[in-house]
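Peer 1: Here's a structure for you.
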Amino acid sequence: MFSQKPSRLHRKSPRPFSFLLAALLAAVSSASATGQDHALSPDKRAQIERVVSAFMTANSVPGVSVAIVQGGQPVWSAGFGMSDLEDSAPATSFTLYRLGSISKSITAVAILQLYERGKLDLDAPVQKYCPAFPQKDSPITSRQLLAHLGGIRHYSDDGKGDVPADSARHFDTMEESLQLFSSDPLVAKPRTQFHYSTYGYTLLGCVLEGAASQKYVDFVRENVFRPAAMDHTQADDFFAIIPHRTRWYHKDKSGAVHNAGVLDSSYKIPGGGLISSAGDMANFEAALLSDKLLKRSTRDLMWTVAQPTDGKPSHYALGWFITDKFGVRTAGHSGGQQGTDTDFLIAPDRGLGVVVLANMDNVNTSALGDSLLKITLDLP
């Protein structure tokens with residue numbers, strides 16, 4: 001599995017929740033499904049419910065929501081367990097989870113829309129659209145940033161220069177967010193090496209705003225969310241009251257479950273600051289499969305791996321990991337940050353897609369996503 005979850009986690013350790021396992025076992029059986037389950041066979045649904053239940057029990061995960069796309073259409077989604085342990089609120093198809101780095105795939109679609117409309121040159125220096133970013137020793141392009149080939153650093157191992165742990169510091173603009181890393185030297189010459197960078201996507205957010213003459217959140221809402229019927233997907237505003245947003249959880253080394261640490265993700269919205277539901281993400285997959293968001297040729301470009309000139313080969317295209325799973329080509333991404341772990345996959349040649357969203361960090365939703373894909377492919 002190539003889709004990694006490199007996002008740094010910040011945590012604090014409040015009093016653990018008691019009797020978690022009993023609550024999970026009681027709640028898993030009360031999964032809420034959409035009215036579109038007629039296209040998913042009872043056998044597949046039963047298999048999915050078994051593997052999700054086993055995953056939650058093995059990892060003490062409070063809540064999980066999943067969705068399945070077949071024949072290019074969303075056919076089933078459901079929530080399992082709890083979105084809020086303190087208030088015993090169940091997880092549903094509409095529960096909103098932090099997407100983490102899945103946000104990068106959404107940003108890539110928005111950037112490619114601007115490219116498709118002739119408003120953004122993927123190979124122009126980023127300063128053409130984002131003059132607030134200083135010149136470096138070598139020019140950096142949007143195409144390179146999309147593929148993590150721009151040489152922009154990721155989070156520092158020691159946290160220096162990054163947002164402090166458990167921080168509610170709010171960033172009002174992309175330009176303000178750039179200040180975290182814009183003065184730092186490049187970690188490699190652009191295009192030469194793959195270096196995963198969420199900050200690179202913050203820079204892409206600034207590029208998008210300059211090319212579109214519109215705020216990132218407004219452009220994405222109008223051009224991605226609305227056309228794809230992602231009616232509840234939005235920025236994870238730490239201070240806003242957002243209906244159906246889950247609580248966030250973390251399990252410590254002793255196995256005790258706590259509320260996860262504070263995270264205001266306003267400094268990284270394009271690369272890790274969106275929230276969505278399983279149902280909305282299934283609609284996103286369907287919209288891409290039906291060419292509703294991008295022309296087929298543009299989608300093919302987005303899903304073509306961009307290889308570095310030096311170093312290890314990459315499996316990353318423009319905002320998407322491209323992998324061969326069980327003999328089937330897939331495009332997808334995973335995500336992980338405070339209180340969340342996520343995974344989604346599209347098998348375009350089969351018209352299939354899976355979505356997995358969990359409200360606990362550091363659990364392997366990628367493995368669960370693979371299991372759901374095997375079920376949809378009728379593999380043992």
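The values are calculated or read from the model by the stated rules, or taken from the named source; none is laboratory data. No experiment lies behind these values; they were computed from the predicted model shown. Cβ atoms come from the backbone with ideal geometry, glycine included; neighbour counts cover every protein chain shown. Ligands, DNA and RNA are excluded from the accessible area calculation, which covers all protein heavy atoms including side chains. Shrake-Rupley method; radii C 1.70, N 1.55, O 1.52, S 1.80 Å.
Peer 1: Amide H neighbours of A89 under 5 Å, counting only residues 5+ apart in sequence or on other chains, H built in-plane at 1.01 Å?
Peer 2: The answer is S83, D84.
Peer 1: What is the projected area of the convex hull of the Cα atoms of the range 229-380, averaged over all directions, in nm²?
Peer 2: Working: hull surface 46.0 nm².
In nm², the orientation-averaged hull projection of the range 229-380 is 11.5.
Peer 1: Tell me the accessible surface of Y115 in square angstrom (1.4 angstrom probe, heavy atoms of protein chains only), to the nearest ten.
Peer 2: Accessible area, nearest 10 Å²: 90 Å².
Peer 1: Suppose every K and R has +1 on its Cβ and every D and E has -1 on its Cβ; what is the size of the dipole of the chain about the Cα centre, in Debye to the nearest 20? Please report the intermediate quantities before stating the final value.
Peer 2: Working: 37 positive and 38 negative charges, 101 e Å.
The calculated dipole for the chain is roughly 480 debye.
Peer 1: Something else: At 1.4 Å probe size, with the rest of the protein present, what percent of the exposed accessible area of the chain is carbon and sulfur atoms?
Peer 2: Details: 7400 of 14770 Å².
That share works out to 50 percent.
Peer 1: Now, a different point. Could you state the angle between the C-alpha long axis of helix 365-376 and the longest principal axis of the C-alpha atoms of the chain, as a value from 0 to 90 degrees rounded to the nearest 10?
Peer 2: Once rounded, the angle reads 70 degrees.
Peer 1: Using a Debye calculation, one point per C-alpha and no hydration shell, please list log10 I(q)/I(0) for the range 117-156 at q = 0.19 Å⁻¹ in order.
Peer 2: Normalising to I(0) and taking log10 leaves -0.56.
Peer 1: Could you tell me the calculated FRET efficiency between T192 and S88, based on Cβ-Cβ distance and R0 = 51 angstrom, to the nearest 0.05?
Peer 2: E(calc), rounded to 0.05, equals 0.45.
Peer 1: Can I ask one more? If you count only protein heavy atoms and use a 1.4 Å probe, how large is the accessible surface of S266, to the nearest 10 Å²?
Peer 2: Ignoring ligands and nucleic acids, S266 comes out at about 10 Å².
Peer 1: Please give the helix 278-289 orientation as an angle from the longest Cα principal axis of the chain, in degrees from 0 to 90, rounded to the nearest 10.
Peer 2: Roughly 50 degrees, rounded to the nearest 10.
Peer 1: Something else about it: Could you state the accessible area per residue of the range 290-343 in Å², with a 1.4 Å probe and every protein chain left in place?
Peer 2: On a per-residue basis, the range 290-343 sits at 37 Å².
Peer 1: Each residue of the range 243-259 in turn: what ³J(HN,Hα) in whole Hz from Karplus with 6.51, -1.76, 1.60 and θ = phi - 60°, glycine and Pro shown as x?
Peer 2: Working through the residues one at a time gives x, 6, 6, 6, 7, 10, 10, 9, 10, 7, 5, 7, x, 6, 8, 10, 5 Hz.
Peer 1: Decide, for the range 206-247, between rounded, prolate and oblate: order the square roots of the alpha carbon gyration tensor eigenvalues as a ≥ b ≥ c, take rounded if a/c falls under 1.5, and otherwise choose prolate if a/b is larger than b/c, else oblate.
Peer 2: oblate
Peer 1: Still on this structure, please answer the following. From the phi of every residue in the range 167-174, what ³J(HN,Hα) in whole Hz does the Karplus formula 6.51 cos²θ - 1.76 cosθ + 1.60 yield, where θ is phi - 60° and glycine or proline is x?
Peer 2: 10, 9, 4, 9, 10, 7, 9, 4
Peer 1: With Cα Rg over 2.2 N^0.38 Å as the read-out, I listed (1) 1.10; (2) 1.00; (3) 0.94; which label goes with the value calculated from this structure?
Peer 2: Label of the calculated value: (3).
Peer 1: Something else: In the full protein assembly as shown, how much of H232 is accessible to a 1.4 Å probe, in Å² to the nearest 10?
Peer 2: Per-residue accessible area (H232): approximately 80 Å².
Peer 1: With θ set to phi - 60°, apply the Karplus curve 6.51 cos²θ - 1.76 cosθ + 1.60 along the range 291-301 and write out the HN-Hα couplings as whole Hz, x wherever there is a Gly or Pro.
Peer 2: Coupling constants for the range 291-301: 6, 7, 9, 9, 5, 4, 5, 6, 4, 4, 4 Hz.
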